[in-house]
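One structure below.
Derivation of every value follows stated rules applied to the coordinates shown; laboratory data play no part. Bear in mind that the values here come from a model prediction, so they are computed numbers and not experimental data. Because the Cβ atoms are built from the backbone with ideal geometry, glycine has one as well, and the counts that use them run over all protein chains shown.
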Amino acid sequence: MTAALQTIGLAKNFGALNVTRNVSLDFERGARTALIGPNGAGKTTLVNLITGALDASAGQVFLDGHEISGLSQAARARRGLVRTFQISRLFRPLTVEDNIRLACIQRLGLQSSIILSGSEKADLGDAVASVMDLTGLSDSARMTVSSLAYGEQRLVELALALALRPNVLLLDEPAAGVPQSESHIIMDAIASLPSELAVVFIEHDMDLVFRFAKKIVVLVDGAVLVEGTPDAIASHEEVKRIYFGEARP
């Protein structure tokens, strides 16, 4: 079966500094994969290479079997490779519904339309309602983003990503900055995502990683140290020594 996302020999050099070294990974459809590793391991750099935010020094990226290495970040997103960021990027004065509507307008190619036809309005309304239902945001539709708790704001960011109808969703620390009492809002939403959607996430909270991930990839010094099931990673001696030196899962 063709992988939803694949990297082959992906590398990034900044002068003599090798920040990503020969990373080859497969993410199957429906994957729930966590990227972990100590600070400076190259996790965010790898995501930037996969999404096209950074140009690779070497290697290839494939989406559903088609090479996308030469495509821009926007072109990769249009093909279904979508990411979120550590810091929320939202229109805070607007309502939740309006934020989601803007993302749906972009996906439906309606941004240049001054007046929408009846069918376009119906398609847009259905798309917005579907995303709000999926993320549990329907009750907050008319609230401004700025009035929401931070955990709910991160949920809106996830909704914007889902509005683009991704095949692969890359989450860069989805619970970053969210109080522990609210982190379940994000992870419960992620856990309820469509089963065919491949989800890859960076997360430092090991409780979240081991509760959510079906597969874990450990990066050290820009290279893959090991990948495997949560049980295999938790019992891996080198992982415990390098990554879990102070707190083992």
(message) Given an 8 Å cut-off on Cα distances and at least 6 residues of separation, report the relative contact order of region 5-242 as a percent.
(response) 29 percent
(message) How charged is the neighbourhood of LEU81? Take every other residue with its Cβ under 13 Å from the Cβ of LEU81, and add Lys/Arg as +1 and Asp/Glu as -1.
(response) +3
(request) With +1 on each Lys and Arg Cβ and -1 on each Asp and Glu Cβ, and nothing else charged, work out how big the dipole of the chain is about its Cα centre, in Debye to the nearest 20. (result) 440 debye
(message) I'd like the orientation of helix 118-135 relative to the chain: the angle between its Cα long axis and the longest Cα principal axis, in ° from 0 to 90, rounded to 10.
(response) 40 degrees
(request) Would you mind ranking PHE27, PHE91, PHE14 so that the residue whose beta carbon has the fewest other beta carbons within 10 Å leads the list? (result) PHE14, PHE91, PHE27
(request) Pop a pseudo-label 7 angstrom from the Cα along the beta-carbon direction at both ASP123 and ASN167 and give the gap in nm to one decimal. (result) 2.0 nm
(request) Mind computing the radius of gyration and Dmax over the alpha-carbon atoms of region 1-95? Å is fine for both. (result) 14.3, 47
(message) Considering only C-alpha atoms, what is the centroid distance from region 152-213 to region 1-57, in Å?
(response) 19 Å
(request) Report, for region 5-242, the % of DSSP beta bridges that are antiparallel, rounded to 5. (result) 55 percent
(request) Determine the calculated [θ] at 222 nm for the chain from helices alone, applying -39500 (n - 2.57) to every DSSP H run no shorter than 4 residues and normalising by the residue count; nearest 500 deg cm²/dmol. (result) -10000 deg cm²/dmol
(message) If I fit a long axis through the Cα atoms of helix 150-163 and take the longest principal axis of the Cα atoms of the chain, what angle between them do I get, 0 to 90°, rounded to 10?
(response) 80 degrees
(request) Report, in cubic angstrom per residue, the convex hull volume of the C-alpha atoms of the chain. (result) 138 Å³
(message) What does the charge count around ALA127 come to, taking other residues whose C-beta lies under 14 Å from its C-beta (Lys +1, Arg +1, Asp -1, Glu -1)?
(response) -2
(request) Select from ALA234, ALA31, ALA213 the residue whose mean-square fluctuation is largest in a Gaussian network model of the chain (Cα-Cα springs shorter than 10 Å). (result) ALA234
(message) Given a Förster distance of 22 Å, report the FRET efficiency between LEU102 and GLN60 from their Cβ-Cβ distance, rounded to the nearest 0.05.
(response) 0.10
(request) Have a look at LEU219, LEU169, LEU134 and tell me which one the Gaussian network model of the chain (Cα, springs below 10 Å) gives the largest fluctuation. (result) LEU134
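Within a 10 angstrom radius of the beta carbon, how do SER119, SER192 rank from fewest other beta carbons to most?
On the way: SER119 8, SER192 11.
The order, fewest Cβ neighbours first, is SER119, SER192.
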(request) Would you mind ranking MET132, MET143, MET206, MET1 so that the residue whose beta carbon has the fewest other beta carbons within 10 Å leads the list? (result) MET1, MET143, MET206, MET132
